[in-house]
């Protein structure tokens, strides 16, 4: 899989500048209202502004103007920090998407005009922005493809490194499952005609940018549920603060408005409230960094819940093609003779299997005497191929039954030990190729699927996450089982037809499971649509891309594994920061509550366990801590909490310790340090 | 070891020991398996027939709650009417008068909601008729209502996907005929043999050691005292509740009453495990609740046994511990134990005056009621705990990177909303009520009421604040114990606590049953290794942490102004 990542620094100068500006623009009440927690901080800030004006006008019961102005400023900064977190996440996502989009802006396009029912060679060069959906354009070697589209005729090699970062060219051709081309990529050879599949501003990237910018961003189900929980905590603390007024009156303690507002702002979960939307955007952004375009935030979230992954064998679990792994000469044949025969039979064989036989033989091919030899091509009828040397020797290699027929027809017998070997190879998931010389069996070659290095560990990791992996293959059940066992997948679908995938998905879903699959062909489209997370390869057909809810620009079948982790990270980041935010309140209570009542109930000094300087400095320190913790956690919100596949209970323990216990302890230290600093001024 | 402490430990162990077989029996009753009480069958069928009930018909959560609320409303009017007119009804040998409207309102609600907050004294406030047909009757049906609601939750958890939470009438009736009635009879007989009165003869008179003749109130009390504990009701026959020598004559009856009040809450927990076949889950909850209980009980007993530091400062020996407000026949250890048991499980019966407990013991009693889920009331304790579980599942689920699930069902916005509302409600009722009381006390102390707000409190300062806070806490938790020292029989307290009682009872039943119904309807998701394990110790710790942190954050300021300030000022 490709490991290239577009690494922009977390806080890039230009992005920060834009985000700072956005933080102020987002102060519009309508925008603020979307986040109930931060909206109430906003109201608190306005109240403090009013109090400051009131004091300026001569009110004396509310403390000094400087102190109130400081509280007001800190609250205002708190609101700005929340906005900034969202803005920087948006800016990063947008920059990422823009860099992808930039490649395709205004490239000249060779548009073909349709006259009557026929395409004629009337061709004009127009800017790509003038291409509409359904238009047809021509691309020749050296051209940059102006728009996303589908090849309607021709075949070409294309350099897709602009979007995938993979420098090896790929082949795209009309018909079949590899007919899609992407704007911004470059044709290296040949000529293709392409039909535009998306209008300007409608590509998946455009849609994703709209999602990131917030124009069409909707809260995901988990985000809504969390917002409700946070809102209820906010109301609980509103009740705490409102009822404190009569309680304080009972205790004959005057409490200033600044103290009430500060206590309130400190208690409500501003940390998670300020970072919540940034976390969601960062999730989509991380997907994009993995070169996956998501069509909704919900898809990323769902990915974290996946129970079952359907993976194609070829390309995901095994390296594309089979390889020769062993030569088994028949009795009485020396290894050297057999190896040479094998090499000879494959000299003209350009298939990957043939090449792998030459590789395994480790002979210098040029030294073999093939002058004047004729090569026998593989045909569906003979199901064998080979070579006829000038000395009359005929060497053939082929499937077990076709060679057996040939040999027995010539009156020779098929050696038992070779027949045995053939069976052993088959049951080990390999493919046997029998080699004969002049209708006598020489031995058998074993071809094996090569399982990708490291794939077992990845499946093990998935298993620990609770995700079941299913291998989809056209192989017979025997071979499929062998490879499945070897690669460590949990289940397999052998001799799979497109509808088998669909049925499997439906069956899993009936059992309440969430299923993901990756596909590229038009016949994959229904299954992609049925799957909870359908990842279409960017090289796939337009139908497939339309049906899925993610598009993988790298066409990398192992990408599903990364997507699951991104989804889990997203949910975990929300959960851990919520825990952290709530746990922080313990220390804030110990800072503020003694401060409020210490004048009337001196005994409460015992609760001032942080030994803060004065009531004012205690309140101020708590509010400042509450504000600066937001920007300090932005990197975590953007990068996400690291996911470790160690099982749910262990993971919960770990996160409870770090973010729960840590969340209790950190503010005690933080507030004390700030207080030491603040005390210098009060 | 100190014999007083041994008494406490033996009482608790006996409770758990007896709860286990009872739990097996309860699980069998509601699963419809054969039990030795099947001889009640014809009687139940007779009740269903005359009431026109089809006891086999399943109910979804809405139907279940509708049935429950309807019948509860009916009982409310019935009780209110009888209390208003009790003087002219039979069985009134002591000639007690009708109850005032505001007090009847409060009393009817208080017993309907299983709270048994008493702003009257039984000796003069009620007649034998209303003691039996209002008080004792409501003590049975309110306990059965709680059990029925819990069984609805069990049914929701038992099946992979179902809309059927069981038939309310069937579960409710069987709760009485199979559980409450038989066990009460046993307890009542033991109590009667140990000296609790069971007589219809009216007041008796005795000659005291000083030679005075004193009239002693009696009545058919033993049966009522049995169900008062078994159903976690707590309302006493006599004003002094289980501190009264006839209501709780000996240390042995004290143990019996302690076991009686705690046995069903614990048995319901075990029964959950048997009924839904997830014993480990039930034991995990039991462990969390027991640890929570110990956190409250151990320091309380310690403080009470060490006596009052203020008295110690005067140089007075307190060899027997803090004895103010305690009965000599019980002593501080079992009294401290009782004060926590009665507050965590919403009984509210008392064998000592909580007002006289050490300040921090008083806080422990308040915490018991604020949490209200360490075992909790008859049936409803599990419902309260369920709300905490939902919140823990939600936060914990996110923390392991999955959409939160509980027992194979996704916890989504709607369930979180209900759980959040229920959590909010307690904070709102308790602190809103206390704030209102504090407001009237401070701003309108001399309002022209029958009892002036300024005359409410027997103690000024922090302790007075605790009295008010305790009263609303007790009402919201449907506990019913009082800090006393509060002039609570007047229109303000009768009406405000009346509303708090109603809301604090029914919303926390409606919420969890609704969540159970909503979740049970959803598609079942099989567990995987990525799923949060709700029967693991880690999840238990998370739930415990959530309980502590929600309670601490919601109530820190009033606890500081009440008991903590009082303690620090000592």
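The values are calculated or read from the model by the stated rules, or taken from the named source; none is laboratory data. As the structure is a computational prediction, the values presented were derived from the model and not from experiment. Because the Cβ atoms are built from the backbone with ideal geometry, glycine has one as well, and the counts that use them run over all protein chains shown.
In table form, for the structure just shown:
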quantity: Boolean, residue B:155 is modelled with pLDDT of 90 or more and either at positive phi or assigned by TED's automatic domain parsing to the domain that holds residue B:410 (or both); calculated: no
quantity: Scan of region A:565-582 for residues that are facing chain B (nearest Cβ under 7 Å) and over 21 Å from the mean Cα position of the chain (by Cα), ordered by number; calculated: A:578, A:579, A:582
quantity: Subset of region A:646-658 [crowded, with 22+ Cβ neighbours inside 10 Å and in contact with a helix residue (DSSP H, G or I) (Cβ under 7 Å, 6 or more places away or on another chain)]; calculated: A:652, A:655, A:656
quantity: Of all residues in region A:538-564 being out of contact with any helix residue (DSSP H, G or I) (no Cβ under 8 Å at 6 or more places or on another chain) and not in a loop (DSSP other than H, G, I, E, B), the one that is farthest from the other protein chains (Cβ to nearest Cβ); calculated: A:542
quantity: Residue match in region B:365-384 (condition: modelled with pLDDT of 90 or more, within 24 Å of the chain's Cα centre (by Cα), within 14 Å of another protein chain (Cβ to nearest Cβ) and part of a helix (DSSP H, G or I)); calculated: yes
quantity: Conditions (1) buried (at least 19 other Cβ atoms within 10 Å of the Cβ); (2) in contact (Cβ under 8 Å) with a residue 60 or more places away in the chain; (3) over 26 Å from residue B:76 (Cα atoms): number failed by residue B:441; calculated: (2)
quantity: Number of positions in region B:229-256 that are assigned to a helix (DSSP H, G or I) and either within 16 Å of residue B:479 (Cα to Cα) or without any contact (Cβ under 8 Å) to a residue 60 or more places away in the chain (or both); calculated: 5
quantity: Subset of region A:94-137 (residues that are modelled with pLDDT of 70 or more and under 21 Å from residue A:295 (Cα atoms)); calculated: A:94, A:95, A:96, A:97, A:98, A:99, A:133
quantity: Inter-residue pairs, beta-carbon under 7 Å, first more than 7 Å from chain A (Cβ to nearest Cβ) and in region B:521-532, second surrounded by 14 or more Cβ atoms within 10 Å (Cβ to Cβ), 6+ apart; calculated: B:521/B:163; B:522/B:409; B:522/B:410; B:527/B:408
quantity: Selected residue (only one of B:481, B:466 is surrounded by 24 or more Cβ atoms within 10 Å (Cβ to Cβ) and at pLDDT below 90); calculated: B:481
quantity: Hits in region A:427-452 (condition: farther than 15 Å from residue A:399 by Cα and part of a strand (DSSP E or B)); calculated: A:449, A:450, A:451
quantity: Sole residue being more than 14 Å from chain A (Cβ to nearest Cβ) and either without any contact (Cβ under 8 Å) to a residue 12 or more places away in the chain or surrounded by 17 or more Cβ atoms within 10 Å (Cβ to Cβ) (or both), chosen from B:491, B:510, B:430; calculated: B:510
quantity: Options B:309, B:359; residue that is within 14 Å of chain A (Cβ to nearest Cβ) and out of contact with any helix residue (DSSP H, G or I) (no Cβ under 8 Å at 6 or more places or on another chain); calculated: B:309
quantity: Considering residues of region A:460-481 that are away from chain B (no Cβ under 14 Å) and surrounded by fewer than 19 Cβ atoms within 10 Å (Cβ to Cβ) only, the residue nearest to residue A:498 (Cα to Cα); calculated: A:474
quantity: Residue match in region B:460-481 (condition: outside any helix (DSSP H, G or I) and within 14 Å of chain A (Cβ to nearest Cβ)); calculated: yes
quantity: Helices (runs of 4 or more DSSP H) contained in region A:576-682 and holding at least 3 residues under 30 Å from residue B:532 (Cα atoms) and without any contact (Cβ under 8 Å) to a residue 12 or more places away in the chain; calculated: A:648-655
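This table checks each residue for (1) within 14 Å of another protein chain (Cβ to nearest Cβ); (2) assigned to a loop (DSSP other than H, G, I, E, B); (3) touching a helix residue (DSSP H, G or I) at 6+ places or on another chain (Cβ under 9 Å).
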position	(1), (2), (3)
A:255	yes, yes, yes
A:271	no, no, yes
A:299	yes, no, yes
A:311	no, no, yes
A:314	no, no, no
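For (1) assigned by TED's automatic domain parsing to the domain that holds residue B:190; (2) modelled with pLDDT under 90; (3) over 27 Å from residue B:354 (Cα atoms), each residue gets a yes or a no:
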| site | (1), (2), (3) |
| --- | --- |
| B:208 | no, yes, yes |
| B:218 | yes, yes, no |
| B:224 | yes, no, no |
| B:229 | yes, no, no |
| B:234 | yes, yes, no |
| B:239 | yes, yes, no |
| B:242 | yes, no, no |
| B:247 | yes, no, no |
